[in-house]
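Before any comments, here is the structure.
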Amino acid sequence: MRFMQGWNRFPGSKRAAGPKRSCGDRMRACLRGGEDGQAIVEMAFVVPVLSAVLVGILMWGFYFNNLLSLTSAVGQGAGHLQQIRLTTTDPCADTFNAITQAAPNLVPGNIGLTLNLNGGANVTGNSCAGQAAVLGNLQGDPVKVTATYPCSVVVVGINFGSSFCPMSYSQTVFEY
């Protein structure tokens, strides 16, 4: 009967009463029982921070992808304008079409185009049919092509807006 010493001393007798514990003692005993939930608590603190960092990296990646697309497209549009400079009737529309074809991932309606003819007044818009004669008269003079695209970097609900990340690129072309 030695194996039953912890429970009953004798068969048929009541269980030996242990020390009386208060409700608070039992609660503390339950709470200090182990470290079973520690990993969950740590994950609850770490996962939101890591998620915010990951979303931030992805948003900046999209921003730089759009910026590189705009840069490449403006360069191709300016080169196209240099080639068709004397044969076009609407230099803005032709340059805009070249830019939108070179950057298919950018929304064409959001691209702003500005041509500066020989340091004169800026011609803004996707159509400037009246400027073809001016462009022809400025043969050999530089033309500056500038395109802008709106930027929106939102990280964890914070919109950094277009003032934080302006997307604009200029390319000056010369006729040789």
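The values are calculated or read from the model by the stated rules, or taken from the named source; none is laboratory data. Note that this is a predicted model, so its numbers are computed, not measured. Neighbour counts run over all protein chains shown; Cβ positions are idealised from the backbone, glycine included.
Of 95, 89, which residue is among the β-branched types (Val, Ile, Thr) and part of a helix (DSSP H, G or I)?
95
Determine, yes or no, whether residue 78 is within 15 Å of residue 173 (Cβ to Cβ) and within 23 Å of the chain's Cα centre (by Cα).
Here the answer is no, as residue 78 does not meet what is asked.
Checking the conditions here, which among 157, 130, 136, 140 is surrounded by 13 or more Cβ atoms within 10 Å (Cβ to Cβ), out of contact with any His (no Cβ under 9 Å at 6 or more places or on another chain) and modelled with pLDDT under 75?
136
How many residues does the stretch 98-127 hold that are assigned to a strand (DSSP E or B) and of a type in the set (A, V, I, L, M)?
Qualifying residue count, the stretch 98-127: 4.
Name the pairs: first residue in the stretch 67-86 and at negative phi and touching a residue at least 24 places away in the same chain (Cβ under 8 Å), second residue part of a helix (DSSP H, G or I) and buried (at least 23 other Cβ atoms within 10 Å of the Cβ), Cβ to Cβ under 7 Å, at least 6 apart or on different chains?
73/99; 74/99; 77/95; 77/99; 81/91; 81/95; 85/135
Spot the failing condition for residue 85; the list is (1) surrounded by fewer than 16 Cβ atoms within 10 Å (Cβ to Cβ); (2) at pLDDT below 80, and only one is missed.
With respect to (1) surrounded by fewer than 16 Cβ atoms within 10 Å (Cβ to Cβ); (2) at pLDDT below 80, residue 85 is out only on (1).
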